[in-house]
Amino acid sequence: MDNTTSDMLTTQMDAQASQFDAIFTETETYDSLYEVPLEITVRRQIVVLLCTGGPHVEAVANLAQNGTVTDARIFGCWGSANETRRVSGGSALWRALEEYAVNIVNG
């Protein structure tokens, strides 16, 4: 893996995750929350596509039966570079994933 590509991918993943920090500090949180992802898919996991092309970044969370997040990771790939890191419980991205999951699962 090329270090430059890996560094750029890591920077892009950090930027995508930091958008949720900004959203959760705004006063109109939920309006902005649904403008960020490109796509949201829910099964036993929720996959939130944050950007595609160069790079592709998505957040993936495992869900309990009631729709709550049990584990989450942010994944990015760009060319042959791939990066995955755990999303911390209680972080803005974790809370966003919970919001998406609960609203979509519970309708």
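The values are calculated or read from the model by the stated rules, or taken from the named source; none is laboratory data. Everything numeric here is computed off the predicted structure, so don't read it as measured data. Virtual Cβ from ideal backbone geometry, glycine too; neighbours counted across all protein chains shown.
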Log entry, pairs with first residue in the range 1-30 being closer than 19 Å to Trp94 by Cα, second being at pLDDT below 80 and of a type in the set (A, V, I, L, M), beta carbons closer than 7 Å, six or more apart or on different chains, reads Gln19/Val36; Ile23/Leu33; Ile23/Val36; Thr29/Ile23
Scanning the range 64-99 residue by residue, those in contact with a helix residue (DSSP H, G or I) (Cβ under 6 Å, 6 or more places away or on another chain), under 27 Å from Thr5 (Cβ atoms) and part of a strand (DSSP E or B) turn out to be Ala72, Ile74, Gly76, Trp78, Ala81, Glu83
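Only one of Val42, Val87 is modelled with pLDDT of 90 or more, touching a Leu at 6+ places or on another chain (Cβ under 8 Å), surrounded by 14 or more Cβ atoms within 10 Å (Cβ to Cβ) and of a type outside the set (S, T, N, Q). Can you tell me which?
Numbers: Val42 fails: modelled with pLDDT of 90 or more.
Sole residue among the options that is modelled with pLDDT of 90 or more, touching a Leu at 6+ places or on another chain (Cβ under 8 Å), surrounded by 14 or more Cβ atoms within 10 Å (Cβ to Cβ) and of a type outside the set (S, T, N, Q): Val87.
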**Asked** Does Asp14 satisfy the criteria of being out of contact with any Ser or Thr (no Cβ under 9 Å at 6 or more places or on another chain), closer than 25 Å to Thr4 by Cβ and either at pLDDT below 90 or among the β-branched types (Val, Ile, Thr) (or both)?
**Response** yes
